[in-house]
Amino acid sequence: MRDLYDRLKTAFPLGELTEQRPDLAFVTVAKEQLRSLLLHLRDQEGFTHLVLLTAVDWLEEGNFQLTYLMNNRLACRDLGVRVMLPRDPASMDSIHDLWPTAATYQRELREMFGIDFPGSPRVDEDFILEGWIRTPPYRRDFDTLKFSDEVFAPRPGRASSDPTEFMKQQLYPDKT
Amino acid sequence: MSLSDVLSPFSAWKNLFRDPVTIPDPLNDRPGAPRYRGFHQNDIEKCIGCGTCEAICQNAAIDMVAVAEIATKPGDSGLRPRIDYGRCCWCALCVDVCMTSSLSMSNEYKWVDHDPDAFCFIPGVDLKHWDSSELGYRRPEGHRLTGIERVAMGELEPEVRADSFVEIVAGYDLEQAKLEADRCVSCGLCVATCPTHMAVPEYIATIRDGDYEQGVRLLYQTNPFSNVCGRVCTHRCETSCAARHEGDPIAIRWLKRHIIDQVTHDRIKQIAAEGRVSKPSGHQVAIIGAGPAGLTAAFDLAKAGHGVTVFEALPAPGGMMRYGIPEYRLPYDKLDEDVDVIRSMGVEIRCNTRVGEDISIDQLREQHDTVLLSIGLHQGRSTRIPGSEHEDVVSAVELLRRITFGERFDVPTTVAVIGGGNVAMDIARSLARMQRQQHGQVGVTLVALEAEDLMLADREEIDEAREEGVVIIPSRGPRQCLIERDALTGLETVHCVSVFDDQGRFAPNYDDSDIQIHDAGLIVEAIGQAADHAFLGESLTEALEWERNRIRIDADGRTSESWLWAAGDAVQGPDVITAVAAGHRIAASMMEAFAGTSAQTH
């Protein structure tokens with residue numbers, strides 16, 4: 001992967017190379033460079049297949065990380081291209097014209113993380129969360145407990161004991 | 001058409017000889033991936049019911065519930081996690097945080113049931129077919145959410161401390177304390193183990209919050225000796241700490257000390273006085289002995305408005321905290337601060353007042369509603385081996401007392417200490433310091449009956465004593481003190497094969513062929529202590545119920561005489577914190593006795 005990285009570096013300003021396995025590595029690139037890097041990988045380096053597109057919410061840093069995982073079938077290796085974007089408002093150029101499947105990923109990211117991809121087909125339509133009006137649920141500031149409490153009835157018979165209090169009742173109940 | 005197009009149908013034949021990657025029966029046999037986060041497993045023997053899984057669960061899917069067959073015991077609440085699969089999102093944080101790695105996830109993911117309540121279950125207790133599954137999610141090696149290692153404590157190096165009585169332990173600074181406090185998961189398993197049930201998770205939380213005054217407030221709710229206990233407590237709480245299972249236990253003792261070190265003495269006095277009853281109740285209590293048990297009872301009683309007078313035979317209050325524990329472990333000024341807070345509640349401490357000589361116990365009884373005996377164990381026991389009556393064969397407690405008095409007696413160049421407990425270490429290390437001051441070198445040999453790994457002293461005491469030059473020889477029984485022309489010359493010991501017999505009774509077994517002579521111009525016996533009950537007088541001694549050499553007490557610390565309570569080492573060892581707990585119990589019991597009765601007129 002180092003050879004590929006060295007070649008790419010001559011044309012693109014890249015971050016450090018993270019080699020996870022001999023056949024899997026990650027690089028970071030600026031948002032503006034993504035499209036040309038993906039095109040270069042597809043047309044010059046044999047990374048013809050978009051394996052997946054996913055996101056990580058770096059809430060504390062105020063960023064979303066997008067990972068475009070690219071596969072070179074002949075060389076049997078994968079390269080993950082990472083892009084950091086500001087969390088609010090989160091928006092990224094669509095790549096559905098390079099790989100039509102990207103539209104589906106982008107629609108999912110729009111729904112689950114609230115990241116917009118202007119121009120991506122059907123990007124604003126419900127994906128799996130029908131009628132969702134809350135904070136996108138994969139955002140880390142989405143409070144799953146609050147959501148569960150509001151939406152689902154509590155299960156009857158549920159009760160919990162505090163270990164300290166329980167041990168007191170069992171081992172030294174008479175003391176104040 | 002190229003050649004490869006012609007050959008390629010045949011090249012597929014080579015796959016005939018490979019293992020198939022397809023699943024033969026995909027409708028019935030579809031295993032989850034090896035690290036799949038499937039249904040939970042819990043090794044209930046390993047689980048300690050700390051509830052950390054419940055605390056971290058983002059969806060409140062976990063309850064801690066009592067399980068009939070699991071008993072509550074020190075370090076194990078007896079509770080076990082029950083998971084509501086109506087809420088679980090299989091994030092595996094419960095597995096990642098589990099303090100004992102008892103919790104894991106199998107790779108099983110199919111479960112069909114008509115009863116929705118079946119999906120609320122106690123893994124490991126409600127048996128499932130995936131309980132023994134080898135595959136599934138485990139916390140990956142090296143992946144930990146809580147710190148494993150204790151923040152190291154700054155200590156004086158052996159070469160610096162070996163000739164000095166300056167305190168060895170530096171105490172945590174703010175940053176160190178916060179880091180250490182951050183390792184605590186606030187499960188509270190330690191609270192039951194602490195004899196006085198200090199609010200450990202809550203006071204550790206005040207360090208994280210930087211709210212040290214609240215920390216002091218919490219300490220004083222259960223313990224008026226936090227300066228002392230923050231330094232010399234036997235910290236049994238740490239043996240129940242959830243963190244000890246896969247790392248170092250939280251340094252609870254050092255964190256306590258850190259809190260009390262951060263607040264000024266005057267402010268501590270104000271905080272300790274919060275809730276004090278200023279109106280005198282009229283009840284009067286006499287306490288014999290100003291050790292941790294007596295002074296704790298005095299603190300509680302005085303704070304509640306009762307009149308308390310403490311009678312102390314020695315020149316200064318503190319009991320064994322002052323006259324037993326060496327200054328390098330507990331500086332006197334820190335003990336003085338704790339005692340000063342107690343005095344500021346209105347407790348009168350009369351030092352140099354020995355009951356039986358300066359005032360009789362009958363007088364105390366006449367002048368007070370109740371009396372507490374908290375006299376401690378200040379008489380050393382003797383081995384009674386031949387030669388032990390020589391004037392240079394002395395008890396450890398007597399010598400430690402003389403050191404506290406400030407007596408600068410000459411220590412011979414060779415000393416033998418008999419005993420393997422903490423008192424033996426205290427005197428060996430104290431004498432080693434004095435030898436270094438007087439002779440420039442150490443010549444202390446400590447012989448213990450027990451084998452190295454069974455010695456009663458704390459491991460750190462043994463290690464530090466050795467660092468300071470004390471020679472510790474385990475498995476040696478004292479045989480005789482050697483005397484030449486009236487002068488003590490050495491100690492003869494034999495190899496001790498075993499200390500206890502099959503029934504666990506004390507019955508040392510010696511190998512008489514293995515004899516050693518240890519040069520000694522002074523022999524110190526540190527094999528245990530006794531209480532001096534002579535001052536009770538004949539009639540009271542007769543009237544009281546006894547249990548061997550100890551006065552019999554009930555759970556509240558009451559003796560068989562309705563006006564007399566007893567506490568501390570003399571009735572119930574072994575340490576400061578146990579004495580503090582007893583002091584609280586006795587104060588509560590006395591106040592219960594006062595309730596509904598009017599004060600005597602004195």
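The values are calculated or read from the model by the stated rules, or taken from the named source; none is laboratory data. Bear in mind that the values here come from a model prediction, so they are computed numbers and not experimental data. Reconstructed Cβ throughout: ideal geometry from the backbone, glycine too, with neighbour counts over all protein chains shown. All accessible areas refer to the heavy atoms of the entire protein, side chains included, with ligands and DNA or RNA removed. Shrake-Rupley method; radii C 1.70, N 1.55, O 1.52, S 1.80 Å.
State to the nearest 20 debye the size of the charge dipole of region A:44-146 about its Cα centre, where the only charges are +1 on K and R beta carbons and -1 on D and E beta carbons. Don't skip to the answer; put the middle values down first.
Details: 11 positive and 17 negative charges, 54 e Å.
The calculation lands at about 260 debye.
Using the charge dipole of the protein assembly as shown (Lys, Arg: +1 at Cβ; Asp, Glu: -1 at Cβ; taken about the Cα centre), state which of B:A487, B:H265, B:F535 has its Cα farthest towards the positive end.
Positive-most Cα among the choices belongs to B:H265.
Accessible area per residue for the protein assembly as shown in Å², computed with a 1.4 Å probe and the full protein assembly in place, what is it?
Using a 1.4 Å probe on heavy atoms only, each residue of the protein assembly as shown averages 48 Å².
Given R₀ = 60 Å, what would the calculated FRET efficiency be for B:E460 paired with B:L3, taking r from the Cβ atoms and rounding to 0.05?
FRET efficiency, B:E460 to B:L3: 0.15.
Give me the dipole magnitude in Debye, nearest 20, for chain A about the Cα centre, with unit charges on the beta carbon: positive for Lys and Arg, negative for Asp and Glu.
340 debye
So which GluC sites (Glu not before Pro) in region B:232-319 end up in coil per DSSP with only 13 or fewer other C-beta atoms within 10 Å?
Qualifying residues, ordered by number: B:E274.
So how far apart, in nm, are the two label points at A:F142 and B:A487 if each is 7 Å from Cα heading toward Cβ?
So the two model labels end up 8.9 nm from each other.
Which residues, if any, in region B:64-84 lose at least 40 square angstrom of accessible heavy-atom surface (probe 1.4 Å) when the other protein chains sit next to their chain rather than the chain being alone?
Buried on complex formation: B:T72, B:L79, B:D84.
Quick check on region B:347-485: take the gyration tensor over C-alpha atoms, sort the square-rooted eigenvalues as a ≥ b ≥ c, and tell me if it's rounded (a/c under 1.5), prolate or oblate. Could the numbers behind the result be given before it?
On the way: a/c = 1.98, a/b = 1.92, b/c = 1.03.
It comes out prolate by the Cα gyration axes.
For region B:8-145, calculate the relative contact order in percent as a whole number, restricting contacts to Cα pairs under 8 Å that are 6 or more residues apart.
Once normalised by length, the contact order is 32 percent.
Give me the percent of the accessible area of region A:2-152 that comes from carbon and sulfur atoms, probe 1.4 Å, all protein chains in place.
Here carbon and sulfur together make up 52 percent of the probe-accessible area.
Which FRET efficiency, nearest 0.05, do B:E398 and B:S281 yield, Cβ-Cβ r, R0 51 Å?
Once rounded, the FRET efficiency stands at 0.80.
B:W111 to A:V51: FRET efficiency via 1/(1 + (r/R0)^6), r the Cβ-Cβ distance, R0 35 Å, to the nearest 0.05?
0.70
Could you give the dipole magnitude of the protein assembly as shown about its Cα centre, charging the beta-carbon of Lys and Arg +1 and that of Asp and Glu -1, in debye to the nearest 20?
Magnitude of the dipole: close to 1480 debye.
For region A:1-93, which trypsin sites (Lys or Arg not before Pro) pass both filters: DSSP loop (anything but H, G, I, E, B) and at most 15 other C-beta atoms within 10 Å?
A:R73
Among B:C89, B:G557, B:I361, whose Cα sits farthest toward the positive end of the charge dipole of the protein assembly as shown (+1 at Cβ of Lys/Arg, -1 at Cβ of Asp/Glu, about the Cα centre)?
It is B:C89, whose Cα lies furthest towards the positive end.
Sort out for me the Cα centre separation of region B:25-102 from region B:450-504, rounded to whole Å.
48 Å
At 222 nm, what helix-only mean residue ellipticity would chain B give, in deg cm²/dmol to the nearest 500, using -39500 (n - 2.57) for each DSSP H run of four or more? Show your work: numbers first, answer last.
Values: 20 runs with 182 residues, N = 602.
Here the helix-only value at 222 nm equals -8500 deg cm²/dmol.
Measuring from centroid to centroid over Cα atoms, what is the spacing of region A:120-167 and region B:259-294 in Å?
One Cα centre to the other: 50 Å.
What average count of beta carbons from other chains do you get within 10 Å of the Cβ of residues in B:185-196?
Working: counts 0, 2, 3, 7, 3, 2, 7, 8, 2, 0, 1, 1.
Rounded to a whole number, the mean comes out at 3.
Is there a pair in A:K9/A:K31; B:K73/B:K256; A:K168/B:K269 whose C-alpha atoms are over 26 Å apart, and which pairs would that be?
Long pairs (Cα-Cα over 26 Å): A:K168/B:K269.
All other residues with a Cβ under 11 Å from the Cβ of B:Y203 taken together, and with Lys, Arg as +1 and Asp, Glu as -1, what is their net charge?
So the surrounding residues net to 0.
At 7 Å along Cα-to-Cβ for each site, give me the label-to-label distance between A:S91 and B:F500 in nm.
For the pair A:S91/B:F500, the computed spacing is 7.7 nm.
Counting only protein heavy atoms and rolling a 1.4 Å probe, how much accessible area do B and A lose on contact, total for both sides, in Å² to 100?
Using a 1.4 Å probe, the pair buries roughly 2100 Å².
Run lengths n ≥ 4 of DSSP H only: what is the helix-derived mean residue ellipticity at 222 nm for chain A, with -39500 (n - 2.57) per run over all residues, to the nearest 500?
Numbers: 5 runs with 49 residues, N = 176.
Here the helix-only value at 222 nm equals -8000 deg cm²/dmol.
Distance in nm between label sites at B:R30 and B:A118, each 7 Å beyond Cα in the beta-carbon direction?
Going by the 7 Å Cα→Cβ label model, 1.9 nm.
Measure off, as a whole percent, the carbon and sulfur share of the 1.4 Å-probe accessible area of region B:476-602, all protein chains present.
Working: 3030 of 6680 Å².
For region B:476-602, the apolar C and S fraction of the accessible surface comes to 45 percent.
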